[in-house]
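To keep things clear, I will list the structure first and then write my remarks on it.
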Amino acid sequence: MESPTGLMPEELMSAGMKRGALNFLLAQAWPGDFKVQVLYGWGNVTGSAITSADAATVAASGWK
């Protein structure tokens, strides 16, 4: 599946790649709130559930 935004690599655009998507976002030098938006968008497109812990971890890894 293709990423609608082009931000996430195509190989991560499936429900079974949640850990890969999280690791990808953790490694990016983006603001934390933007990373969370991308994470929820990824979850919506792939049908994956995003927990509040997932969002908090991603948010804490970004800059403000």
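Report, by residue number, each residue of region 12-34 that is under 12 Å from Thr46 (Cα atoms) and loosely packed, with under 12 Cβ neighbours inside 10 Å.
So the first thing to find is which residues in region 12-34 are under 12 Å from Thr46 (Cα atoms), and the list is 12-18, 21.
Within region 12-34, Gly16 is the sole residue that qualifies.
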Could you tell me which residue of region 35-47 is surrounded by the most Cβ atoms within 10 Å (Cβ to Cβ), considering only residues that are within 25 Å of Trp63 (Cβ to Cβ) and among the small types (Gly, Ala, Ser)? Gly43
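Every read-out reported here was derived from the displayed coordinates using simple, explicitly stated rules and does not represent laboratory data. A quick note: this is a predicted structure, and the numbers were derived from the prediction, not measured. Here the Cβ is made from the backbone with ideal geometry for all residues, glycine too, and neighbour counts use every protein chain on show.
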